[in-house]
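Note sheet for the following structure.
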Amino acid sequence: MFMYMAAPSASPVEDNSIGWLSEEWISHRFCHDSRKSSFKNSTNSLEINTGLSHSGVMPIYVNRLLNLKKIKVVGFDMDYTLVPYKIEKFEKLAHSLAINRLVQNYSYPQEVGKLEFQLNRAILGLVIDKRNGNMLKLSRFGKVKIAYHGLEEIDFRERQQIYRERVIDLRDADFQSLDTPFAISNGVLFAQVVQLKKAGMKLPDYRHLACEISACIDSLHKDGTLKSILKADFGEYVRRDPQAAPTLERLKVYGKKLMIITNSDYAYSRILLDYALNPFLTKHKNWQELFDLVITLADKPKFFASPHRFLRINIKTGQMSNHEGPISRGIWQGGWFGDVQEGMGIPGDEFLYLGDHIYGDVVSIKKLCDWRTALILNGLDDELKGIKATHEIQQEIDRLMKRKQFLERQSDNAELEHHTGNRVQNFETQADEQDALNFRISKLLDNLKPHFNPYWGEIFRAGIEESRYAEQVEKYACIYMTKVSDLFEYSPRTYFRPIRRLLAHEIIQ
Ligand SMILES: [Mg+2]
C-alpha cells in the first residue's frame, strides 16, 4: 500500500486547500526520531503512519486527491459506519443464534449447537473456498498466502498442491468473500463446522455447509431476530461515539448536505439513531433535523446498479407512499442513486459517501457511479498499534533480509566459479551464516505474531505483499479512517493529497 496520511487542520476554519504539508512537519507530528531518515527514502505509509496523534485522534489515510471544499453532499452508511457496534458481542450473538438455526432448521447434530464463538478465527477480507472447505487469505494478486481447513493451517506443500499459482477469481460462485464485520461470525462458524466434519461428524458437503451457514446468518439479519435483541439493549451491543454528532454538525455548518443510505429499515434506523446521535447533538433538536435525506432499505449495492422506485416515509406515522422520479428532502425507502443526484441537482463527483462494507459501500460505488468514497475500518486502530509495537522487529528483519540476499548472491557467484573451475572460498562459512540468518529471521517473524491476529496476521498484509483487501481499499477508497469522528480534526475544506508513490525501479537502494 502506498498512500499518505493527511494532516489535521489546526483550526476548523483553516483552509488547507493550498497548503503543501512539509516533510519536517510530518516527521514532527507523527514520526519518532528513528523514522525520520526512513521517511526520506520511502513513501510506504505503513512505515510512517503507525502512531496515534497526541490527542488520541486517528488520522485519515489518503489514496487519491480529494478536495472536501468541492464536496456538497456527504452521505453515510449507518451500521458500523455512523453507528459502530461492539463487534465481539454482536458477532457472538449472531454466531449463537445461527448455530441454533443450523440444528433446528437444517437438522445439524446437537454438538454443533455447543460451539463457542472465537473472534480471532476470522478477519475482514478472507475468502471461503466452498469447493475444498478452506478459508483463504489472498495477496493483492489473488494468490493464496494462508489457508486453513477447519481450525488447522494447511502447510505450504499441501497448499501448493491445491492452489498452485492459481489466481483466485472471486466471480466464481465457489468463493465467498468476508467483506464486512457482519461476516466475521460466518467465517468463524464455517471454520468450526468444517473442523467437526474433519473430525468425523456426519455433515453436508462443504458447498452445502457454506450456503446453509450464510443462509442462517442472513436470515437473522433480514427477519429482524438480531435487531429485536439489539433494540432491547443497545447499551450492550452499540458503541456510541460522542464525537460523531459534533462531526456531523460541523459539516452542516460548512454548508454540506448530509445524507444516510442504509440497508436497515426505517423503524430500526429511527430508534438506533435516536440512541446513538440525539444525546450528543448541540445545534439540532434531533438527527431528522440534521440530515437532508435519509434512505432506508436501500438494498445496496443494487441501489447503485439500476433504477428502482422510491417510497416516501411519513416521519410521524412511518407509513409509506409511492413516489416516481427525483426526490427531495425527507425520509425514503428503496430507490436509486440517479434520482438522488437529480433531485438535489448536484453532479456525482460532488458526493462523498462513507461506509464500512468494502464491496457494498466502496467498490460498487466506484464501479457504478462517480461518487467519491471513504472507507470506515473499525479494526484499523488495533492493527496500527501492532505495527507501531513491532516497528523495531520489522526493521531488524529488513536488515537481516538484506544480509541474506547479499549472501545468496555470493553463493550464486561461488557456484558459478565452481562450474568454471575456479577455486571457491569460504563457501561453508557462508552456508553456516545463511542457516543462522534463516533461524534468526524465523524467530523474529514469530515475535511479530502476538501483535496481530494469531491465525491470519494483519488485515492489510499477506506475507510481504499487500492483501487482496488492501488492494481493494487502495483502488476504490479515496480515503479511509477508523471512524466517522476522525473527520472532526479536519476542516471541511481540507484538500486530502496522496504522496507520489514510488514504483519498484524508482526506489534508490
Ligand atoms: Mg455498514
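Run down the aspartates and glutamates and flag those whose C-alpha is under 13 Å from the C-alpha of K89, throwing out any fewer than 8 positions away in its chain. Within the straight-line limit of under 13 Å, K89 reaches these aspartates and glutamates: E116, D233, E236. Each part gets one Cα centre, and for segment 204-255 versus segment 63-110 those centres are 4 Å apart.
Just to check, using Stokes-Einstein with a Kirkwood Rh over alpha carbon pairs, what's the diffusion coefficient of segment 256-333 at 25 °C and 0.890 mPa s in µm²/s? The diffusion coefficient I find is 186 µm²/s. Potential lengthening of the chain between R240 and H284 amounts to 14.0 nm, from the contour at 0.36 nm per residue minus the alpha-carbon distance. The length gained by stretching the chain between D223 and D265 to full extension, at 0.36 nm per residue less their Cα-Cα distance, is 14.0 nm. Based on every Cα atom in the chain, Rg and the maximum pairwise Cα distance Dmax equal 25.3, 93 Å. Taking the Cα-to-Cβ direction at V103 and at F406 and moving 7 Å from each Cα, how far apart do the two end points lie in nm? Going by the 7 Å Cα→Cβ label model, 6.2 nm.
The convex hull built on the alpha-carbon positions of segment 109-228 has an orientation-averaged projected area of 7.9 nm². By DSSP, the beta bridges lying fully in segment 242-342 are antiparallel in about 55 percent of cases. Based on the convex hull around the alpha carbon atoms, segment 319-390 presents an average projected area of 6.9 nm². Of the beta bridges in the chain, as assigned by DSSP with both residues counted there, near 60 percent are antiparallel. Any of K145/K366; K385/K483; K92/K231; K222/K367; K143/K300; K227/K252 with alpha carbons more than 20 Å apart? Name them for me. The pairs that break the limit, which is 20 Å between Cα atoms, are K145/K366; K222/K367; K143/K300; K227/K252.
Computed from the coordinates by the stated procedures, all read-outs in this text should not be read as laboratory data. Remember, predicted model here, so these are calculated numbers, not experimental data. Cβ atoms come from the backbone with ideal geometry, glycine included; neighbour counts cover every protein chain shown.
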